[in-house]
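**Student:** Have a look at this one before I ask anything.
The values are calculated or read from the model by the stated rules, or taken from the named source; none is laboratory data. From a predicted model like this one, the values you see are computed outputs, not experimental measurements. Counting neighbours? That spans all protein chains shown, and the Cβs are built from the backbone with ideal geometry, glycine included.
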Amino acid sequence: MNEQKLRRNQKGVSYAKWGYLFILPFFIAYFIFNFAPQVLTIYNSFFENYREGLKQVGPNFVGFGNYIKLFTPDKNGTINILKYTGNTLALWIMGAVPQIVVALLLAIFFTSYRLKIKGQQFFKTVIYMPNLIMASAFSMLFFTLFSNVGPVNQLIQAWGWSDIPIDFFAYKGTVRGLICTMNFLMWFGNTTILLMAGIMGIDQDLFEAANLDGATSIQVFFKITLPLLMPILVYTVITAMIGGLQMFDVPQVLTKGKGMPDRTSMTLVMYLNNYLGGSKNYGMSGAISVIIFIITGILSLFVFRTLKKKD
C-alpha cells in the first residue's frame, strides 16, 4: 500500500512550472527590448513627428501619409525607397552567393570522410578571425588601401599600369565590389563553421555505406550531404539575408554616409539613418522600418519555401 501511494504521489508532481519559470527571463527581455519597440515603431509610422531646427513638429496623426511620401517620386522622378531596396538586394546577392558557395565547399573539404583533414580546430580559428574585426575598422582599412594616395594606387603607378591615381570610389562597380568583398571576408568563416557542424552531425555510417557501394563524391554530396544539410543551409541563407538587408556599417563608413557614387551604394538602413540623424523624424524612420520588416518577411518565406524540401 505504501509503495502504491508513493507512486501515486510521484505521478502527481508536475515539473512543468519550473520549465516556464526558467524561460520567463527570456520572454521578459524579449517583450521589453524587442516586442515593445517593434509595436512602438509601427505606432510612430502613422504620425508626423520630427524636429526642424529648434522647432518640434508633431506628433500629428497622418495615417498612411509617411508611406505615401516614401513612394512618391522626387524631383528627378526617382522613388528613393525602391532604389535603395534594389541597392541593398544587389549588395546582399553579390556578397552572400559567393559566401555560401565558398563556405559550403570549405565545409565539405574539411569534413571529408575520404581526405580526413587534420587540424580542423586550427583552420576553424583562422577562417573565423576576420569576423572578430569590427566592421567599421575593416571599412576604414579598405578606405585607406584604395584611396587616391593609398597603397593600392601607389603600387599601380609604381608598376606603370596607370599614370594617375584611380578613383575607386567614383565607380559603382568598384564601390559595390569593395563592400561585397568585405562582407564576404568577415562572414564566410562563420558560415563555414555552421555548415561544418551540420555535416559533422550527419551519421557517418551513411558515408561509409555510400563509399562501399562505389558512390562518387558528387553522388554522395547530392544524395546524402545536401538533403540532410538542408535545415542548416536554410537557416544560414535566411540569417545571411536578414544581415544583408540590415547592412549599414560597411557602406556607411566606406562612403562616408553618402552612398557614392550617385547613391548607388546607399542601403535601406543608411536611408533610415538619414531620418534619425539630424531631424529625428520618427514617423518616416518608423515607416521605413516597417517596410524593411515586410521585405524581410516576404524574402524569408520565399527562401524557406524554395529550399525546404517537402515531406
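**Student:** Of everything in the stretch 7-40 that's hydroxyl-bearing (Ser, Thr, Tyr) and modelled with pLDDT under 90, which residue is farthest from the chain's Cα centre (by Cα)?
**Tutor:** Applying the filter and picking the extreme gives Ser14.
**Student:** Conditions: (1) within 30 Å of Leu178 (Cα to Cα); (2) modelled with pLDDT under 90. Asn87 meets all but one. Number of the miss?
**Tutor:** In the conditions (1) within 30 Å of Leu178 (Cα to Cα); (2) modelled with pLDDT under 90, Asn87 misses (2) alone.
**Student:** Could you run through the stretch 277-311 and say how many residues are among the basic types (Lys, Arg) and at pLDDT 85 or above?
**Tutor:** Here the count works out to 0.
**Student:** Just give me the residues in the stretch 196-240 being farther than 21 Å from Lys124 by Cα and either touching a helix residue (DSSP H, G or I) at 6+ places or on another chain (Cβ under 6 Å) or among the small types (Gly, Ala, Ser) (or both), in sequence order.
**Tutor:** Leu206, Ala209, Ala210, Gly214, Ala215, Ser217, Val220, Ile224, Val234, Ile238
Yes/no matrix, rows are residues, columns are (1) closer than 30 Å to Phe168 by Cβ; (2) under 19 Å from the mean Cα position of the chain (by Cα); (3) free of Cβ contacts under 8 Å to residues at least 24 places away in the same chain; (4) surrounded by fewer than 18 Cβ atoms within 10 Å (Cβ to Cβ):
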residue	(1), (2), (3), (4)
Ala209	no, no, yes, yes
Ile218	no, no, yes, yes
Ala240	yes, yes, no, no
Pro251	yes, yes, no, no
Thr255	yes, no, no, no
Tyr271	yes, yes, no, no
Ser279	no, no, no, yes
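**Student:** Let me ask you something else. Answer with yes or no whether Phe46 is of a type in the set (A, V, I, L, M, F, W, C) and at pLDDT below 90.
**Tutor:** Taking the combined requirement at face value, the residue does not satisfy it.
**Student:** Taking the stretch 173-193 as the search range and keeping residues that are of a type in the set (Val, Ile, Thr) and touching a Ser or Thr at 6+ places or on another chain (Cβ under 7 Å), which one is surrounded by the most Cβ atoms within 10 Å (Cβ to Cβ)?
**Tutor:** Thr191
**Student:** Residues that are farther than 30 Å from Met140 by Cα and of a type in the set (Val, Ile, Thr): find the helices (runs of 4 or more DSSP H) completely inside the stretch 202-311 holding 1 or more of those.
**Tutor:** Correct list: 217-220, 226-245, 282-307.
**Student:** Also, I was wondering about something else. Inspect the stretch 69-92 for any residue being without any contact (Cβ under 8 Å) to a residue 12 or more places away in the chain, surrounded by 11 or more Cβ atoms within 10 Å (Cβ to Cβ) and over 25 Å from Ile295 (Cα atoms) and give the result as yes or no.
**Tutor:** Scanning the stretch 69-92, I find no residue that is without any contact (Cβ under 8 Å) to a residue 12 or more places away in the chain, surrounded by 11 or more Cβ atoms within 10 Å (Cβ to Cβ) and over 25 Å from Ile295 (Cα atoms), so the answer is no.
**Student:** Next question, about the same structure. Within the stretch 134-145, can you find the residues that are under 13 Å from Val253 (Cβ atoms) and in contact with a helix residue (DSSP H, G or I) (Cβ under 7 Å, 6 or more places away or on another chain)?
**Tutor:** Those that are under 13 Å from Val253 (Cβ atoms) and in contact with a helix residue (DSSP H, G or I) (Cβ under 7 Å, 6 or more places away or on another chain): Ala135, Ser136, Phe138, Ser139, Met140, Phe142, Phe143.
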